[in-house]
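To keep things clear, I will list the structure first and then write my remarks on it.
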Amino acid sequence: MNIPTKYNPKAVEDKWYSYWMENNYFNSVPDDREPYTIVIPPPNVTGVLHMGHMLNNTIQDVLVRRKRMQGFNACWVPGTDHASIATEAKVVAKLKEEGIKKTDITREEFLDHAWDWTHKHGGIILEQLKKLGASCDWGRTKFTMDEEMSESVLKTFIDLYEKGLIYRGYRMVNWDPEAKTTLSDEEVIFEEKAGNLYYINYKIDGSEDVLTIATTRPETILGDSAICINPNDERFAHLRGKMAIVPIVNRVIPIIEDEYVDIEFGTGCLKVTPAHDPNDKVLGEKHNLEVIDIFNDDASLNSQGLHYQGKDRFVVREEISDELKNMGSLIKIEQYIHKVGTSERTKAVIEPKISAQWFLSMEDLSKPALVHVMNDDVKFYPSKIKNSYRNWMENIRDWNISRQLWWGHQIPAYFYGDGVNDFVVAKNIEEALEKAIIKSKNELLSFEDLKQDEDVLDTWFSSWLWPISVFNGINDPENDDIKYYYPTNDLVTAPDIMFFWVARMIISGCEYRGEVPFKNVYYTGMVRDKQGRKMSKSLGNSPDPIELIEKYGADGVRVGMLLCSPAGNDLPFDESLCEQGRNFSNKIWNGFRLVNGWEVSEKIEQPVSSKIAIEWYRSKFQSVLKSVEESMDEFRLSEALMSIYKLIWDDFSSWYLEMVKPEFQKPIDMITLNATIDFFEDNIKMLHPFMPFITEEIWQIFKERTAGEALIISDYPKLSAYDKSLLTDFEITKEIVSAIRNMRKEKNISFKDEIGLYVLEKESLNSNFDSVIRKLCNLSELNKVDSKVDKALSFRVNANEFFIPFSDNIDTESELRKLADELNYTKGFLKSVQKKLANERFVNNAPEQVISIERKKEADALTKITMLEESLERLKV
């Protein structure tokens, strides 16, 4: 077979991915093996691959491929999320481009457009994951709006409602005026922003007195219902029981007293706007205040805004401050830094709003989920994230699960009257009518009298069921798949959705399966650029993953991502790491071409150097395999990959292959070649989960394989005992070889020229490696001596001293000068160290570790001076 001189990922990756798909290696059905299951964090159905997806899915693929090779029935379930807010926004924007307003079409017409958009753009991201090498069971692909998945969501809603855990009520909610929907607390991001604090005078009714309030939102004075003072604040004792007049609107409002008011903040007088502040709402309910809503759904002012009706809140903020100033009511404006809630999706500033919404009571539901994580029934990697989880779970609030959108799972509630409780919850309109007739005691009710709630459920209300619903465990709790694959094993996700998704999945798992949905959660960090900035299109620092794959190959990109991805910590991505990954591919390929190109002879004996090299590498491999397994078990993937990287690049390529390769244009013995191929195959087996394409290519070229012998389903290397002393001894051998090579380079001694080596042995050396030293250093002789050798270059390795006799082409005078210069430099260095150690102030104040380092420098310098002086004396003989 003609093997290309350079590895070409483009010629390899599509070929092997198609081969894996054709042979159904990714497919999984329940059988007698132990299952290993991962469910993909479902990306937005219309999304495209970004660097975060790349990292997350590379990690999942590494875990799945390794377990598949270890004999587990590996099942990685892919799928996508319908992403209510994001998808609806895109559809609305598309319709706008076509001159169509959402308000001008029916819900059914809008959903037709939404499905068209989904079918056109959906699934792109899953196809992109295939380019990465993702070995998902594509036949199990799920979409949260699939019929079966939707049925699971609605069934869960009905069940929780019937258990009394879902309720409908008027609450202060987080309103996104751009998406025109409510958001859960977890979907609101608080950001520090520069704003203003406006000081406004309110007249006291029936007198010339005024009081001053301070607010960051002057436009909301139009909705004021009261002024509140602290009953313990003697400054305002004269205001008790009086009334104030709201500027502009001239509404007369009571001055109430409540200890909630912070005497030290602002002016000590608080304006109370129950419709537009959660704390004011509490005060309003306590003191029975009027609720005056001044905003439309888009945060423009309604008729309560008087002459500002129809204008945006931020425009009104500027205009009303001017009006107040002209009236003499605005006393001053101060700059003020405060935290402002913004929408995670649209980035719009959140508006507190009182609205009828659906809520899921979380207090009792969440208790088992907290216990399971704190007891490590679900382990978090890194474990430090448990603290954030506990914090949130111990302060959990009811979940607002309704959204004012059309794209999503429509809430299965049907209204039959105008009363607050004139509704029923049912799986369809037929069942709803039966329930409505019974509840209302009105036999005359018909389908025409029923109206389904317009709202849809929060997207996370479908995602929280994901580990169960992908196996149809809600609709059919006893089916073979759910009993075999659930609970899943590992979840790979980002810390920023721990509350949105991870916690809620644990809650639903406990509620509907009686056990947690996964055993381990590996939290990836955020992918940032090398300057530590968050990646974004506006900064232009977010590379296109597909372009990276085109440039460096999928294996190169996978290595680049994983080399800098410690669990839970942000990933400082640098494209040069992908280049390093590509270079690693080339290194492996060159080693493969070297071994594959050796001629073999069954007639020649195995050299002693090859025999000990094989013994050493067998132990070295087992040592690294043990380290890799320990790292993988603790989800230290970056560490595991680096161990394999160093094994292949350094130990195998730079040392082992040099130790066993035959002389130029001579054959290798059969025993050594077979052992080398076995080692190469073990190397690529261990590497395959990280770099699946190049490893499968090499595996298939080494020898002809059947479909049942593909690398992807081959047996992963198994741990066995190894000789640790052999590894220690070889480290010393490496130092000796490196020292001799450096000596040759420094003294311009050609490697073609044989040299002798004499050892003054003070610590026992493993003589089994003598043949390796002879071969790698081209020695004419290697002998032990009882005393130092004159007329020789020397070096030390530990306590042992080595001598290389001078050859004719070494300039003795030049060597004497070099040694003398080095001796003088070392003596100067020693003097500076000893001066520091003689300084009592330094010794008394410096940390013990720093002093120890300085003392070691002193000892090393003294040893080196002795050696240099001895070398000078021998050269002068």
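Ranking of 267, 103, 37 by solvent-accessible surface, largest first: 103, 267, 37 (1.4 Å probe, protein heavy atoms only, all chains present).
Compared with the dominant Cα axis of the chain, that is its longest principal axis, helix 812-837 is turned about 40°. Potential lengthening of the chain between residue 374 and residue 27 amounts to 121.4 nm, from the contour at 0.36 nm per residue minus the alpha-carbon distance.
A Förster distance of 41 Å, applied to the separation of the beta-carbon atoms of residue 604 and residue 383, puts the FRET efficiency at 0.15. Here r is the Cβ-Cβ distance between residue 233 and residue 285 and R0 is 25 Å; the resulting FRET efficiency, rounded to 0.05, is 0.65. Along the axis of the charge dipole computed for the stretch 1-80 (Cβ charges of +1 for Lys and Arg, -1 for Asp and Glu, origin at the Cα centre), the listed residues 59, 5, 20 are led at the positive end by 5. Taking a straight line from the alpha carbon of residue 142, these aspartates and glutamates sit under 17 Å away, with near neighbours fewer than eight places off in the same chain left out: 81, 127, 151, 476, 481. Treating r as the C-beta distance of residue 799 and residue 825 and R0 as 25 Å, the FRET efficiency rounds to 0.55. Expressed as a whole percent, the accessible surface of the chain that belongs to carbon and sulfur atoms is 48, based on a 1.4 Å probe. Taking 7 Å steps out from each Cα toward its Cβ at residue 106 and residue 723 produces label points 8.4 nm apart.
Given a 1.4 angstrom probe, what's the average accessible area per residue across the chain, in square angstrom? Walk me through the numbers before you get to the answer.
Details: 40830 Å² over 877 residues.
Heavy-atom SASA per residue in the chain reads 47 Å².
For residue 277, the accessible area of its heavy atoms, probed at 1.4 Å with every protein chain present, is near 50 square angstrom.
As a test of the formula, what do you get for the chain when each DSSP H run with n ≥ 4 contributes -39,500 (n - 2.57) and the sum is divided by the residue count, at 222 nm and rounded to the nearest 500 deg cm²/dmol? The partial results should precede the final answer.
Values: 28 runs with 369 residues, N = 877.
Mean residue ellipticity, 222 nm, calculated: -13500 deg cm²/dmol.
The values are calculated or read from the model by the stated rules, or taken from the named source; none is laboratory data. Keep in mind that this is a model prediction, so the values were computed, not measured. Using ideal geometry, Cβ is built from the backbone for each residue, glycine included, and neighbour counts are taken over all protein chains shown. Quick note on the areas: whole protein, heavy atoms, side chains included, nothing else; ligands and nucleic acids left out. Shrake-Rupley method; radii C 1.70, N 1.55, O 1.52, S 1.80 Å.
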